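Working notes, beginning with the structure itself.
Read the figures in this text as sums done on the coordinates, not as results from a lab. Note that the structure is a prediction, hence the values are computed from the model and not measured. Because the Cβ atoms are built from the backbone with ideal geometry, glycine has one as well, and the counts that use them run over all protein chains shown.
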Amino acid sequence: MSPFERSQKSPLPIRETLRGKHVLVTGFTGFLGKVLVSMLLERAPEIGRITLLARGKKTQPAAKRVRHLFERSPGLRNLREIHGEGLGSFLASRVDVVAGDVRDPLCGIDPRVVDRLGASIDCVIHVAGLTDFEPDPLEGVAVNVRGALHAADLAARTRGRRLLHVSTSFVAGNVSGPVPELLEPGLSANGTRFSPRDELASMESLCDATSKRFPDPVEAKKARIERGTLRAQALGWPNLYTYTKALGEHLVAMRGDVESTFVRPSIVECARELPFRGWNEGVNTSGPLVWLVGTVHRRMPFAEDHCFDVVPVDSVARGTIVALAELMRGEHARVYQLASGDTNRFTFGRAVDLTSLVRRREYARSDDAFERLVLRHLDSVVHDRAADQDPWLPAAKKLTRGVRDLFSAFKAEHHLPSAVRERFGTEITKFAQRQAKEWGSASRTIGQVVEMLRMFQPFVFDNDIELETHNVRRASERVGAEERALFGWDLASLDWRDYWMNVHIPGLDKWSLPLMHGERIPEDPVFSLDTDLLEHTTREDDPSERPRALRATDLRAHEAKHERSGESAAPNDAE
């Protein structure tokens, strides 16, 4: 039996493994990043320190941006409720900030700060990524490929030399059937052998050549997307998102200077319980699909029996922490797929049925007569036709745009008799303006859905992927019963009917779907931290911006700990 196999028989104590450890997290400002950091701070407060990489702005330095999220973001609400007025002190003891950008070398951190921080960092957790399915490949490569390499460069300069890289399960590409947890650098999604380094150079050359050929920036971007997509599809990836995420994986896996593991979530959606039931952020994959079921469009362009591999965001955070603990102990697998399809399969057909049931109940109580008398009696059905073959939505977009143009063109002085104009002209004009705005919004929303369905077609119609999750389930079995309730992989126990109807759809209605109509999601009420968060800086001549020194008691404990372990006890001001 190999050392790895022997280690899998031993317990995996999560909190003890993370006790006193220092991790650097990229992508904290995103959906998963907030939940992951929140879960670590709430359920593993023994962790030594979390350094958050964040981009600063001219009017808002990185530390102030992070502070604002801890004060106002609904995704961090649970920490405010737990700690109350003491949250600032709690965060100051465990959280600090470093300004940077994953698109830049060493993630934009000054090398002097890297050297100072790196002496105590045990692992870099790289969550940041571009999730646009069809990004400009210049940006996709900069964030998802170069960004992954920059995170690996950063990890290589830390004492732990460990990297946990969050990718996506859909690097599997255009395939159907079981997908094992494998990563073979240089083997593409369709089995083509290629050089990841040469592929990166070729894609960057393609972008440069295309930019030079098209002087107009809009035309150049469109051409880069078209040509980049063709290159991705030639290797078996359906779009630039999965292509760039996969290329980042391949290049990091080829490195010998860091210990790396790859976490691959599937479709990350509303929280099951943390920070609270139903929380979501942004317009995720299922949002447009759920919205479509609630309209008069009744034929859904989905494959009824194909797996709809949704995973709650807090389940992804659980799986990521389990993978982190194994990586910290040197007992990790190369890939952890975090998905639902192999143990608790959910299909598009069932999603449509449950969504229709929720909407019919809502419409029965609606004050809108059309919803109450018409929509509540209509059932959505899965249609055996792909989105690119369904003419209804493009026709609806054209119709709503035409109605918008009619109302926009209304002029009281041209279209109303003088007597009517003098008495009702102002009210009628305001009505026409409101209608133009509403029909224009409807047209834009339908257009967004048309584009999204086109982009989603490989995932909702063409391919039926069953992602294997052996590694996270195996690792969870090593975790004791008490900690398994906090961190263990929990998808087998998910009741899809309850989650979809009572958690997910209400969550989308509150946190995601309003964004499709141009509405803003409100922040939580004002909450003010009583302590500023430390931001690391190179301006060491300014005492106010120096990293906070260890308190004397912390320093003695730090030295004693390392003397017992035989490691260097040199104090580190990032701890």
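Reducing region 133-171 and region 403-453 to their Cα centroids gives an inter-centroid distance of 47 Å. The string of couplings for region 253-266 from the Karplus curve (6.51, -1.76, 1.60, θ = phi - 60°) is 5, 7, 7, x, 9, 9, 8, 10, 9, 10, 9, 10, x, 8 Hz, one whole number per residue in order, with x for Gly and Pro. Take each peptide in 509-517, 463-471, count the other Cβ atoms within 10 Å of every residue, and average; sorted highest first, the result is 463-471, 509-517. In summary, the convex hull built on the alpha carbon positions of region 122-187 has an orientation-averaged projected area of 5.5 nm². Among the chymotrypsin sites (Phe, Trp or Tyr not before Pro) in region 185-272, none is located in a DSSP loop while being surrounded by at most 14 other Cβ atoms within 10 Å of its own Cβ.
The listed peptides 176-184, 334-342, ordered by packing as a protection proxy, come out as 334-342, 176-184 (highest mean of other Cβ atoms within 10 Å first).
A142 sits among other residues whose Cβ lies under 12 Å from its own Cβ, and their net charge, with Lys and Arg +1 and Asp and Glu -1, is -3.
Expressed as a fraction of 2.2 N^0.38 Å, the value expected for a compact globular protein of N residues, the C-alpha radius of gyration of region 204-300 is 1.52. Compared with the rule-of-thumb size 2.2 N^0.38 Å for a compact globular protein, the chain has a Cα radius of gyration ratio of 1.05.
Legend: distances between Cα atoms for K57/K397; K221/K397; K34/K57; pairs beyond 28 Å are K57/K397. Among the chymotrypsin sites (Phe, Trp or Tyr not before Pro) found in region 1-68, not one is both in a DSSP coil and sparsely packed, with 13 or fewer other Cβ atoms within 10 Å of its Cβ.
Close amide-amide hydrogen proximity is noted between I465 and G177, C307, each under 5 Å apart and 5 or more residues distant or on a separate chain (H modeled in the peptide plane; Pro and chain starts excluded). Couplings 3J(HN,Hα) of region 139-149, computed from phi: 6, x, 5, 4, 8, 7, 9, 4, x, 5, 5 Hz, in residue order, whole Hz [Karplus 6.51 cos²θ - 1.76 cosθ + 1.60, θ = phi - 60°; x for Gly and Pro]. Considering only beta bridges that DSSP places wholly inside the chain, some 10 percent are antiparallel. Once the convex hull of all Cα atoms in region 1-102 is built, its volume per residue stands at 121 Å³. Scanning residues 5 or more positions from V335 or on other chains, those with amide H under 5 Å from its amide H are F262, with H placed 1.01 Å from N in the peptide plane. Counting only residues at least eight positions apart within a chain, or on another chain, the aspartates and glutamates with an alpha carbon under 14 Å from that of K9 are E326, E331, E477. Phi-derived couplings, Karplus 6.51 cos²θ - 1.76 cosθ + 1.60 at θ = phi - 60°, listed residue by residue for region 124-129: 9, 9, 9, 9, 4, x Hz, with x used for Gly and Pro.
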